[in-house]
């Protein structure tokens with residue numbers, strides 16, 4: 001099966017460090033369902049944009065690479081038979097119903113060193 005990266009875009013306040021269990025309940029339940037089905041291989045939430053450091057050819061700056069209303073709040077890797085299946089799964093992410101969105105990209109390992117399983 002193919003792998004797909006799902007980038008989660010939402011308002012920066014949604015994943016603040018002081019978020020309560022009630023704030024994250026829908027996302028947590030969604031992640032548990034995907035993990036339980038075996039389709040989600042890994043997932044990471046990211047810290048708020050004000051903790052980012054951006055690196056460009058002319059140096060480093062504090063803050064996000066692109067200043068936008070919505071930020072990448074996290075990402076996960078799905079395993080699905082094809083892009084249509086991955087899109088259907090990603091479309092169930094609660095951030096979509098809450099006004100944010102997701103971006104789905106096929107993952108390839110061409111040229112990337114993969115470590116053998118320990």
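The values are calculated or read from the model by the stated rules, or taken from the named source; none is laboratory data. The structure presented is a predicted model; accordingly, all values stated were derived computationally and were not measured. Cβ placement follows ideal geometry from the backbone for every residue including glycine, while neighbour counts extend to all protein chains displayed.
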Test: residue in region 18-38 that is out of contact with any strand residue (DSSP E or B) (no Cβ under 7 Å at 6 or more places or on another chain), without any contact (Cβ under 8 Å) to a residue 60 or more places away in the chain, on the phi > 0 side of the Ramachandran plot and part of a loop (DSSP other than H, G, I, E, B): yes
Can you work out which of the residues in region 51-69 that are surrounded by fewer than 10 Cβ atoms within 10 Å (Cβ to Cβ) and closer than 15 Å to residue 11 by Cα is modelled with the highest pLDDT? 66
Count of region 49-73 residues which are on the phi < 0 side of the Ramachandran plot and either part of a strand (DSSP E or B) or under 13 Å from the mean Cα position of the chain (by Cα) (or both): 11
